[in-house]
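What follows draws every value from the coordinates through simple rules; no lab data is involved. Not measured: the values here are computed from a predicted model. All Cβ positions, even for glycine, are placed from backbone atoms using ideal geometry, and neighbour counts span all protein chains on display.
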Amino acid sequence: MLKQLPIARAYLVPPVGVALLLAALFLLPETLKMSLVYDRSAILSGELWRLLSGQFMHLEVGHLALNMSGLLLFWLLFAEHAPGFRYLAVVVIIALGANMGMLVTDPNVVYYVGFSGTLYGMFAWGALSDVLQQVKLGWILLLGITGKAVYDYWLAPAAIEQGIVVVPTESDLAVSAHFYGVVTGIVLAFVQRALGVSKRERDSSAKHNR
C-alpha cells in the first residue's frame, strides 16, 4: 500500500511545508494575524501582501483542520502533477488569483480568511491535468467542483433571494474566492499544457533539424 503512495521527497516535502506554514500562521498573535488577513480596504490602501497572505490565514482550529484535510486529499489524488517547486507555484498563483478575482468583482467581501479558495482551484487544476492526460475519472471531479463553484457564485444567490433556497446566516461564505480559485486553476492547467506542448514541439523540431 505504501509503495503506491506519493512519498518521494519531491511529492511529500511541498505539501508538508504548506501545512506547517498554515499551522504556524494560525499560532501567530492575534494582532499580527489581523495584519495578514484579506482586508479589502487595507489592500486598496496599498497593503498588497494581503492578496496572498489572506488565503493562508485561519482564525478557528476547525477551519484549519478542514483545509489541512483538503491538502492531504490533494496530495493523495494529484501529487504526481505537482512535484517540487511546481506545487508551490500552483499554490501561490491560485491563491493570488482567488483573492484578486474577489477584490475586483465582489466589493461585498470586506474580510476573508481561509485556504478554501486555493483548495478549490488546486482540485480544479489537478482534475483538469488528469483530463488533459486522458485520465477519464478526472472529468468527475472537474465537473463536480466546477459545477459547485458556478452554482454557489451565480445561481445560489438568486435562489436565496427568491426564497427557493434558505441558508443560515452563519454559512454565508465568500464563494467568490472559491469561484475565482477554480477559474485560476483551470486557466493555469491549460497554460501549462500549452507551454508543455510548445516545448515538446521545439525539442522535436530541433532534433529533426540536426
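For Y38, the residues whose modelled amide H falls within less than 5 Å of its own, excluding neighbours fewer than 5 places apart on the same chain, are G54, Y112. In terms of packing, defined here as the mean over residues of other Cβ atoms within 10 angstrom, the peptides 26-33, 59-66 line up highest first as 59-66, 26-33.
Computed from Cα atoms alone, the Kirkwood hydrodynamic radius reported for the stretch 23-126 is 14.1 Å. The distance linking the stretch 80-123 with the stretch 1-68 is 11 Å (Cα centroid to Cα centroid, whole angstrom).
Once fully extended, how much extra length lies between L28 and F190, figured as 0.36 nm per residue of separation less the alpha-carbon to alpha-carbon distance?
On the way: separation 162, 0.36 × 162 = 58.32 nm, distance 3.68 nm.
Between L28 and F190, full extension yields an extra 54.6 nm.
Compute for the stretch 9-199: radius of gyration divided by Kirkwood radius, i.e. Rg/Rh, restricted to C-alpha atoms, rounded to two decimals. Dividing the radius of gyration by the Kirkwood radius yields 0.97. Protection proxy ranking of 41-48, 12-19, by the mean of other Cβ atoms within 10 Å over each peptide's residues and highest first, is 12-19, 41-48. With a simple spin-label model that places each label point 7 Å from the Cα along the Cα-to-Cβ direction, the separation between L21 and T105 comes to 2.5 nm.
Which FRET efficiency value, to the nearest 0.05, is calculated for R9 and S35 with the Förster distance at 41 angstrom and r the Cβ-Cβ distance? Don't jump to the answer; show the numbers that get you there.
Details: r = 34 Å, r/R0 = 0.82.
Given R0 = 41 Å and the Cβ-Cβ separation, E is 0.75.
Rounded to a whole number, what is D in µm²/s for the stretch 1-44 from Stokes-Einstein with the Kirkwood radius over alpha-carbon pairs (10 °C, 1.306 mPa s)? Once the numbers are plugged in, D ends up at 121 µm²/s. Are there chymotrypsin sites (Phe, Trp or Tyr not before Pro) in the stretch 44-131 that DSSP puts in a loop and that have at most 14 other Cβ atoms within 10 Å, and which ones? When the chymotrypsin sites (Phe, Trp or Tyr not before Pro) of the stretch 44-131 are filtered for loop state and at most 14 Cβ neighbours within 10 Å, W49 remain.
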